[in-house]
Amino acid sequence: MSFSELGLASSLCTRLVEMGYAEPTPVQAASIPLVLRGADLVARAQTGTGKTAAFGLPMVQRLLSSGHGRRTTSKPFGLVLVPTRELALQVQGALAQYGAPAGLRVAHVFGGVPMSAQVRSLKQGADIVVATPGRLIDHLQRRTIDLSAVAILVLDEADRMLDMGFLPPLRRILLAVPPSRQTLLFSATLSAAVARLSTEFTRDPLRVDVSPANPVAPTITHRMHPVDTGGKRALLLHVLTQRPVGQALVFCRTKRGADRVGEHLNSAGIRAAVIHGNKTQGARTSSLADFRNGRISVLVATDIAARGLDIAQLPLVVNYDLPLVAEDYVHRVGRTGRAGAAGRAISLVTTAERPLLRDIERLLSAPVEHVSIAGFETSAAREPRHDPGAAARRVPRRGFFGARGPRPTRHPRAGRASYAG
């Protein structure tokens with residue numbers, strides 16, 4: 001099937017050919033005709049399946065065919081809500097490319113940067129605004145944006161927005177857009193919470209579900225290495241320097257832990273950068289650009305990077321810390337093995353993290369290979385197996401004066417929780 005068969009205008013199809021897109025992905029083929037019909041939509045699809053084009057292309061076409069004057073009003077026709085700044089930049093860039101031949105203006109609105117530039121951009125007029133909920137609320141309160149002309153509202157990564165506590169600002173934004181709008185909700189999962197959100201935000205939506213039975217790409221191999229907490233950094237260096245050597249995305253559970261891992265890698269001669277919520281937006285954008293351009297080989301991140309990062313041909317994802325929620329493992333490793341490419345997911349697992357690993361293994365259809373690396377075995381693995389009869393057979397040692405000799409040294413309790421590693 002071609003894009004033209006989906007009902008897209010020839011000008012858009014020509015643009016897609018110029019961008020190197022030959023045929024639609026399943027979520028695009030299923031969604032685009034429905035969006036062009038003006039129907040509300042609830043779609044489930046994994047990250048990396050082409051969701052941005054699935055809502056962006058028909059949005060651009062509807063904007064052009066509606067006669068929405070690009071220079072006659074500053075009010076946006078389309079509004080796309082996303083959970084993170086990185087995803088906002090990515091979606092804004094894609095929509096700007098689709099609409100470039102027609103001169104469409106796509107603005108991004110997110111926190112971590114001064115509002116002044118965003119205010120100027122909105123005053124000049126934007127056909128589509130891509131925004132994070134919190135900063136959009138700031139603009140609504142300052143009356144620097146008017147959403148009364150929004151005809152299409154998109155909630156991208158809806159499940160992630162709920163996870164991040166964005167339901168209250170989403171409800172406030174809902175009051176600022178026309179009730180007659182078309183609403184498109186895209187999510188990697190359709191949990192009960194997402195179902196309630198769709199009921200609140202959409203009207204008689206059509207449904208698209210192109211998620212495979214296996215939520216993780218079959219081209220990804222999964223491996224875990226058992227390790228004591230104190231050996232994680234050394235094991236990480238070992239993993240990153242084994243062939244095939246390439247770029248890697250390393251996930252840590254906390255910001256402080258990510259900083260420490262990044263410092264350790266750089267001190268060991270590995271070019272690494274760190275992104276998390278405490279980094280300025282400029283620093284985060286710069287680090288991502290350096291990673292995409294190959295100027296750094298390792299990007300260390302918290303789960304802020306688990307969604308929305310489109311990094312072509314990323315060969316390796318390392319879970320330095322396992323996520324506390326098994327579903328987040330799916331989003332993390334979804335950064336590799338994209339578009340049919342091979343990918344590797346390696347997890348460094350302490351004894352305390354074994355229950356988290358079991359939850360992840362229940363979620364996956366592919367097996368997780370358990371591989372011990374020589375020199376990094378856990379304390380429990382190095383201890384001799386317990387023999388219940390040994391105590392009865394053991395003769396107590398006596399000291400020089402007949403007292404009992406020194407007690408055997410006990411290994412420290414393996415797997416004490418540590419977020420820094």
Would you check if His108 is in a helix (DSSP H, G or I), modelled with pLDDT of 95 or more and not assigned by TED's automatic domain parsing to the domain that holds His331?
-> no
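Take Ile304 and tell me if it is in contact with a His (Cβ under 8 Å, 6 or more places away or on another chain), touching a residue at least 60 places away in the same chain (Cβ under 8 Å) and not basic (Lys, Arg). Let's see the steps before the verdict.
Details: in contact with a His (Cβ under 8 Å, 6 or more places away or on another chain): yes; touching a residue at least 60 places away in the same chain (Cβ under 8 Å): yes; not basic (Lys, Arg): yes.
Judged against the criteria, Ile304 is a match.
Search segment 129-141 for residues being among the aliphatic types (A, V, I, L, M) and part of a helix (DSSP H, G or I), and hand back the single one that is farthest from the chain's Cα centre (by Cα). So that I can check it myself, show each step before the final result.
Taking segment 129-141 as the starting set, the residues that turn out to be among the aliphatic types (A, V, I, L, M) are 129-131, 136-137, 140.
If we keep only those that are part of a helix (DSSP H, G or I) as well, we get 136-137, 140.
Numbers: Leu136: 21, Ile137: 23, Leu140: 27 Å.
Here the residue is Leu140.
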Output the residues belonging to segment 240-255 that are buried (at least 21 other Cβ atoms within 10 Å of the Cβ) and touching a His at 6+ places or on another chain (Cβ under 9 Å).
-> Cys252
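Could you check, for segment 7-23, whether at least one of its residues is of a type in the set (Ser, Thr, Tyr), under 16 Å from Leu155 (Cα atoms) and within 26 Å of the chain's Cα centre (by Cα)?
Let us first name the residues in segment 7-23 that are of a type in the set (Ser, Thr, Tyr), namely 10-11, 14, 21.
Retained after the next criterion (residues that are under 16 Å from Leu155 (Cα atoms)): none.
Within segment 7-23, none of the residues are of a type in the set (Ser, Thr, Tyr), under 16 Å from Leu155 (Cα atoms) and within 26 Å of the chain's Cα centre (by Cα).
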Is it true that some residue in segment 95-102 is modelled with pLDDT under 95, over 25 Å from the mean Cα position of the chain (by Cα) and buried (at least 19 other Cβ atoms within 10 Å of the Cβ)?
-> yes
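For Ser65, are the conditions met, namely being surrounded by fewer than 23 Cβ atoms within 10 Å (Cβ to Cβ) and free of Cβ contacts under 8 Å to residues at least 60 places away in the same chain? Give the steps one after another, and end with the answer.
Numbers: surrounded by fewer than 23 Cβ atoms within 10 Å (Cβ to Cβ): yes; free of Cβ contacts under 8 Å to residues at least 60 places away in the same chain: yes.
Yes, satisfied.
Could you tell me which of the residues Gly269, Gly277, Gly343 is more than 13 Å from the chain's Cα centre (by Cα) and at positive phi? Break it down stepwise before answering.
Working: Gly277 fails: at positive phi; Gly343 fails: at positive phi.
Among Gly269, Gly277, Gly343, only Gly269 is more than 13 Å from the chain's Cα centre (by Cα) and at positive phi.
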Positions within segment 218-270 being out of contact with any Ser or Thr (no Cβ under 7 Å at 6 or more places or on another chain), under 26 Å from Pro367 (Cβ atoms) and among the β-branched types (Val, Ile, Thr), in sequence order = Thr219, Thr221, Val239, Thr241, Val245, Val250
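Just checking, which of Ala39, Ala30 is assigned by TED's automatic domain parsing to the domain that holds Ile152 and either part of a helix (DSSP H, G or I) or farther than 23 Å from Gln182 by Cα (or both)?
On the way: Ala39 fails: either part of a helix (DSSP H, G or I) or farther than 23 Å from Gln182 by Cα (or both).
Just a single option satisfies the conditions, and that option is Ala30.
Could you tell me which residue of segment 321-349 is farthest from Gly231 (Cα to Cα), considering only residues that are outside any strand (DSSP E or B) and modelled with pLDDT of 95 or more? Spell out the reasoning first.
Let us first name the residues in segment 321-349 that are outside any strand (DSSP E or B), namely 321-342.
When the remaining residues are screened for being modelled with pLDDT of 95 or more, the result is 321-322.
Values: Asp321: 13, Leu322: 15 Å.
In this case the residue turns out to be Leu322.
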Residue in segment 350-388 that is modelled with the lowest pLDDT, counting only those that are charged (D, E, K, R) and part of a helix (DSSP H, G or I) = Arg382
Select, from Ile137, Ile128, the only residue that is aliphatic (A, V, I, L, M), in contact with a helix residue (DSSP H, G or I) (Cβ under 6 Å, 6 or more places away or on another chain), in the same structural domain as Ser11 (by TED's automatic domain parsing) and under 21 Å from Gly165 (Cβ atoms).
-> Ile137
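The values are calculated or read from the model by the stated rules, or taken from the named source; none is laboratory data. Keep in mind that what you see is a predicted model, and the values were worked out from it rather than measured. We place every Cβ from the backbone using ideal geometry, glycine too, and count neighbours over all the protein chains shown.
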